[in-house]
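Below is one structure, written out as structure tokens, with a few remarks after it.
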Amino acid sequence: PLGNELFYILFFPFWIWNLDPLVGRRLVVIWVLVMYLGQCTKDIIRWPRPASPPVVKLEVFYNSEYSMPSTHAMSGTAIPISMVLLTYGRWQYPLIYGLILIPCWCSLVCLSRIYMGMHSILDIIAGFLYTILILAVFYPFVDLIDNFNQTHKYAPLIIIGLHLALGIFSFTLDTWSTSRGDTAEILGSGAGIACGSHVTYKMGLVLDPSLDTLPLAGPPITMTLFGKAILRILIGMVFVLVVRDIMKKITIPLACKIANIPCDDIRKARQHMEVELPYRYITYGMVGFSITFFVPYIFFFIGIS
């Protein structure tokens, strides 16, 4: 559960709406980079999943993807490490909490992939080490990337262009795989969240605390605070899921019409690259944009920011 769409669509908005928008945005930047590099590496190495038998596969949804490295292990390593790196020194809490969180989260995700029959131990170790390498190289630039996304005049154009270019570069598979759609979904979400944060910043809807107020102390947990947090999640998630549903209903038939592909069987039509890529990219781009702009604007409008 710590590596599927339901988790991500709850986890990142929760950070952005209720905890710390800056940390949430930067977690997304790291997640997009790690997952994109992981998916591309899978499609270059092209190692098959563990053979069944002898392995008993308890999950078959991702079976069409290649195996090395495990992108679940990469995400399960990148997210807890990045959470600690981004929050320690920014928020007041004992470092031991973070040092306990990292191995617990990481091992839970990694061991579950072996248990489900989706990966070998080698896939998991490679995913873990690959993530450490990516973080060592790119983490120092996360601050710069986030500031650019928010403040640069032409940031939205550059963000959309870059994410599209990355997608076109990676979608050269000879056969259909869930990997292609997932990569488009990740890139679309990342682009949408970055563009939404740019508009939000320009409108002054969400302001990050100044550096001289750090480290931040957590506010006391009151019924009002708890109630507002629950209300934000409920209103925000309903809006995001409605946007996702509407965009799916619009983009799939439109892409089918433009590409001249029969739309009778939606499942089959979505396996065509000409349909899958624009549908995933546009739909999840709007989901990401809603998370960082439309929903915070609604909160501001109804007074629960």
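Let's see how each residue does on (1) open to solvent by 10 Å² or more (accessible area, probe 1.4 Å); (2) out of contact with any Cys (no Cβ under 6 Å at 6 or more places or on another chain); (3) modelled with pLDDT of 85 or more; (4) part of a loop (DSSP other than H, G, I, E, B):
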| position | (1), (2), (3), (4) |
| --- | --- |
| Glu59 | yes, yes, no, yes |
| Tyr66 | yes, yes, no, yes |
| Ala73 | no, no, yes, no |
| Ser82 | no, yes, yes, no |
| Asp123 | no, yes, no, no |
| Ala136 | yes, yes, yes, no |
| Phe141 | yes, yes, yes, no |
| Asn149 | yes, yes, yes, no |
| Leu157 | yes, yes, yes, no |
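Scan the stretch 6-48 residue by residue and report those that are outside any helix (DSSP H, G or I) and either open to solvent by less than 20 Å² (accessible area, probe 1.4 Å) or at positive phi (or both). Show your work before the answer.
Taking the stretch 6-48 as the starting set, the residues that turn out to be outside any helix (DSSP H, G or I) are 20, 46-48.
Asp20, Arg46 - these are the residues of the stretch 6-48 that are outside any helix (DSSP H, G or I) and either open to solvent by less than 20 Å² (accessible area, probe 1.4 Å) or at positive phi (or both).
Of the residues that sit in the stretch 180-210 and are under 17 Å from His152 (Cα atoms) and hydroxyl-bearing (Ser, Thr, Tyr), which one is surrounded by the fewest Cβ atoms within 10 Å (Cβ to Cβ)? Applying the filter and picking the extreme gives Tyr201.
Residues in the stretch 230-241: is at least one loosely packed, with under 11 Cβ neighbours inside 10 Å and under 21 Å from Thr200 (Cβ atoms)? Yes, the stretch 230-241 contains at least one residue that is loosely packed, with under 11 Cβ neighbours inside 10 Å and under 21 Å from Thr200 (Cβ atoms).
Go through Asp212, Asp208 for me and flag whichever is of a type in the set (D, E, K, R) and either free of Cβ contacts under 8 Å to residues at least 12 places away in the same chain or in contact with a strand residue (DSSP E or B) (Cβ under 9 Å, 6 or more places away or on another chain) (or both). Steps first, answer last, please.
On the way: Asp208 fails: either free of Cβ contacts under 8 Å to residues at least 12 places away in the same chain or in contact with a strand residue (DSSP E or B) (Cβ under 9 Å, 6 or more places away or on another chain) (or both).
Among Asp212, Asp208, only Asp212 is of a type in the set (D, E, K, R) and either free of Cβ contacts under 8 Å to residues at least 12 places away in the same chain or in contact with a strand residue (DSSP E or B) (Cβ under 9 Å, 6 or more places away or on another chain) (or both).
Taking every residue in the stretch 125-136 that is farther than 10 Å from Ile81 by Cβ and pairing it with any residue that is of a type outside the set (Val, Ile, Thr) and surrounded by fewer than 15 Cβ atoms within 10 Å (Cβ to Cβ), at least 6 positions away or on another chain, yields no pair with a Cβ-Cβ distance below 9 Å. Which helices (runs of 4 or more DSSP H) does the stretch 242-305 wholly contain that include 3 or more residues that are at pLDDT below 85 and open to solvent by less than 40 Å² (accessible area, probe 1.4 Å)? Because the criterion is at least 3 residues that are at pLDDT below 85 and open to solvent by less than 40 Å² (accessible area, probe 1.4 Å), the helices (runs of 4 or more DSSP H) in the stretch 242-305 that meet it are 273-289. Just one of (1) touching a helix residue (DSSP H, G or I) at 6+ places or on another chain (Cβ under 7 Å); (2) modelled with pLDDT under 90 fails for Ile16. It is (2).
Scanning the stretch 19-51 for residues that are among the aliphatic types (A, V, I, L, M) and modelled with pLDDT of 90 or more yields Leu22, Val23, Leu27, Val28, Val29, Ile30, Val32, Leu33, Val34, Met35, Leu37.
Inspect the stretch 111-120 for any residue being among the aromatic types (Phe, Trp, Tyr) and at pLDDT below 85 and give the result as yes or no. Looking through the stretch 111-120, at least one residue is among the aromatic types (Phe, Trp, Tyr) and at pLDDT below 85.
The values are calculated or read from the model by the stated rules, or taken from the named source; none is laboratory data. Bear in mind the structure is a predicted one, so any value in this text is a computation, not a measurement. Methodologically, a virtual Cβ is constructed for each residue, glycine included, from the backbone with ideal geometry; neighbour enumeration extends over all protein chains shown. Calculation scope for accessible area: heavy atoms of the full protein, side chains included, ligands and nucleic acids excluded. Shrake-Rupley method; radii C 1.70, N 1.55, O 1.52, S 1.80 Å.
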